[in-house]
Amino acid sequence: LAIEAACRAFDDHSWQGAPITAAKAATNPAQPVCNPADPSDIVGHVIWADAATVELAGKAAGRWDAPAEERSKVLNAAADLLEANYGEIFALLHREAGKTLLDAVAELREAVDFLRYYAARSDGAPARGVFACISPWNFPLAIFIGQVAAALAAGNGVLAKPAEQTPLIASRAVHWLHAAGVPEHALQLLPGAGEVGAAITANPAVQGVAFTGSTQTAQIIHKSIARHLDPGTPFIAETGGLNAMIVDSTALPEQAVQAIVESAFQSAGQRCSALRCLYVQDDIAEDFLEMLTGAMDALVMGDPRQIETDLGPVVDAEAKAGIVAHIEAAQAQGRVVKTYPTPDRGFFVAPTLIKIDGIADLEQEIFGPVLHVATFRSQDLDAVIDAINATGYGLTFGLMTRIDDRVQHVTERVQAGNLYVNRNQIGAIVGSQPFGGEGLSGTGPKAGGPLYLDRFRAHAAKE
Ligand code: ADP
């Protein structure tokens, strides 16, 4: 009830987020930020940075040379501020990012965990200097804070660029970090689209880049770093996945169905860890898919502020158009097993199940509530794993079986950063189960793990 009241209280509030740079230079017009569940609802405005702002910010930027104990105290104080401001944070996550309450709660928890985890590991090791932190819209608070907190805990200065869809929550996060005691020169926010990100990564002040987003953008940034910066420059990237799950005929069907629905459709499928390709053993497939579509029938799509909502909107019109085009192409080929009507207003995409022959049919990650399903014969299990590995991605993988030997056989063979056995393919725990992938899915080390902070420290320069 307190949470609902807090959300209501913020319904009439309009957020203003300017570029928060030490230089305070941008004179660009304010850009509206709209609610993906109802694009006529303008959540707030933000002034985008431009090339001149980035240049001034680069000149003003510098490392945070306070003693480690002080940095640690400040980051913990920022965590306290986030916890205290949960109402505003949930309201913004709802309205700016289309998050359900369940997702908003988990996201705040993760952001706070990142701050406290890196705060506890802040030490006297020298910083590298200034980091560019480039983040996506799908976890606009947790990933933003995760990158920034690691860079700051190691004593670096930060030039942070949030995704163009979600600058307001980032601007509030920076406000709280400054209020907790992070100096302005050590944390500057530069909102904008890809061009601003490119200007930041090319800025001579930048000595390292932390990036989360698409594999394609990671490859562009990687090339630009190679051109502009010395080869030892750290590039920490977390990117996409073509994540699979194998369900064999010994799996508990109720448990598997629930885990699949959560893994594929929670957050409207907008997680890099989300399940994209399900393999079901052929002898149970018919009954199993009937149970799965039955569970899909029960999903509630709609206003993310309603407590009963399972699926909110996808992030924007462009995202919706891309996912819908994929579904329509599958419809034209008669491969759509199940889909549903969507509301006229807002960027909603229905949970959809599409039949495919195998993961090789998927050319790219579809970042929405679309699950692909294939069947396999028991004797082809190794070939299925080889096909999964051959995608070149390696982020998450799920297995549902009651055969102990199979758990060992499959998990040893599959190449993935995070493995999930007999449970949903969701989540990571800062500290004990850090998150991150291999190959096209990322550079490692895993975020929220013991090695991550080392990449932000100068003594690790020659790894
Ligand atoms: P997504 O598919 O999640 O939107 P993107 O890779 O396009 O993934 O975006 C992730 C982040 O990278 C966003 O903040 C975006 O503005 C930024 N970005 C996009 N292009 C570039 C670029 N060329 N250089 C730096 N950052 C970029």
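The values are calculated or read from the model by the stated rules, or taken from the named source; none is laboratory data. Keep in mind it's a predicted model, so treat the numbers as computed, not measured. As a convention, Cβ positions derive from the backbone with ideal geometry for all residues, glycine included, and neighbour counts pool all protein chains shown. Accessible surface areas use protein heavy atoms only, side chains included; no ligands, DNA or RNA. Shrake-Rupley method; radii C 1.70, N 1.55, O 1.52, S 1.80 Å.
Observations
- Among the candidates Ala25, Ala66, residue that is modelled with pLDDT under 80 and open to solvent by less than 40 Å² (accessible area, probe 1.4 Å): Ala25
- Within segment 425-459, being among the charged types (D, E, K, R) and under 17 Å from the mean Cα position of the chain (by Cα) holds for Glu438, Lys446.
- Condition met for Ile143 (over 22 Å from Ile307 (Cβ atoms) and touching a residue at least 40 places away in the same chain (Cβ under 8 Å)): yes
- Residues of segment 247-264 that turn out to be surrounded by fewer than 24 Cβ atoms within 10 Å (Cβ to Cβ), touching a strand residue (DSSP E or B) at 6+ places or on another chain (Cβ under 8 Å) and within 26 Å of Ala106 (Cβ to Cβ), as a count: 4
- Cβ separations smaller than 9 Å between residues 6+ apart or across chains give the following pairs from segment 207-225 residues that are over 15 Å from Pro136 (Cβ atoms) to residues that are within 7 Å of the ligand (Cβ to nearest atom): His222/Phe211; Ser224/Ala198; Ser224/Thr201; Ile225/Thr201.
- Residue that is farthest from Val373 (Cα to Cα) [pool: residues in segment 297-318 that are among the charged types (D, E, K, R) and open to solvent by 50 Å² or more (accessible area, probe 1.4 Å)]: Arg305
- Count - residues of segment 126-162 that are touching a His at 6+ places or on another chain (Cβ under 9 Å) and under 20 Å from Val196 (Cβ atoms): 1
- Of all the listed residues (Ala256, Ala264), the sole one being of a type outside the set (Asp, Glu), at pLDDT 95 or above and either within 13 Å of the ligand (Cβ to nearest atom) or touching a Lys or Arg at 6+ places or on another chain (Cβ under 8 Å) (or both) is Ala264.
- Some residue of segment 249-264 being in contact (Cβ under 8 Å) with a residue 60 or more places away in the chain and assigned to a strand (DSSP E or B): no
- The set of residues in segment 175-197 being in contact with a helix residue (DSSP H, G or I) (Cβ under 8 Å, 6 or more places away or on another chain) and hydrophobic (A, V, I, L, M, F, W, C) consists of Trp176, Leu177, Ala179, Ala180, Val182, Ala186, Leu187, Leu189, Leu190, Val196.
- Among residues of segment 389-408 that are touching a residue at least 24 places away in the same chain (Cβ under 8 Å), those with a beta-carbon under 9 Å from a residue that is part of a helix (DSSP H, G or I) and of a type in the set (Gly, Ala, Ser) at least six positions away or on a different chain give the pairs Ala390/Ala360; Thr391/Ala360; Thr396/Ser263; Gly398/Ala259; Gly398/Ser263; Met400/Ala256; Met400/Ala259.
- When Thr411, Thr401 are screened for being among the polar types (S, T, N, Q), in contact with an Asp or Glu (Cβ under 9 Å, 6 or more places away or on another chain) and under 19 Å from Ile359 (Cβ atoms), only Thr401 passes.
- Residue satisfying all of: in segment 319-361; over 24 Å from Gly392 (Cα atoms), of a type in the set (D, E, K, R) and touching a residue at least 12 places away in the same chain (Cβ under 8 Å); most open to solvent (accessible area, probe 1.4 Å) among these: Arg345
- Screening Thr239, Thr217, Thr212 for residues that are among the hydroxyl-bearing types (Ser, Thr, Tyr), crowded, with 22+ Cβ neighbours inside 10 Å and under 21 Å from Val46 (Cβ atoms) leaves exactly one candidate, Thr212.
- Among (1) open to solvent by 10 Å² or more (accessible area, probe 1.4 Å); (2) assigned to a helix (DSSP H, G or I); (3) within 16 Å of the ligand (Cβ to nearest atom), the one test that Gly294 misses: (3)
- Strands (runs of 3 or more DSSP E) within segment 362-463 that include 3 or more residues crowded, with 20+ Cβ neighbours inside 10 Å, touching a strand residue (DSSP E or B) at 6+ places or on another chain (Cβ under 8 Å) and at pLDDT 95 or above: 370-376, 396-400
- Filter pass, Ala210 being more than 28 Å from Ala84 (Cα to Cα), of a type in the set (A, V, I, L, M, F, W, C) and within 15 Å of the ligand (Cβ to nearest atom): no
- A count restricted to segment 213-242 and to residues that are part of a loop (DSSP other than H, G, I, E, B) and within 11 Å of the ligand (Cβ to nearest atom) stands at 4.
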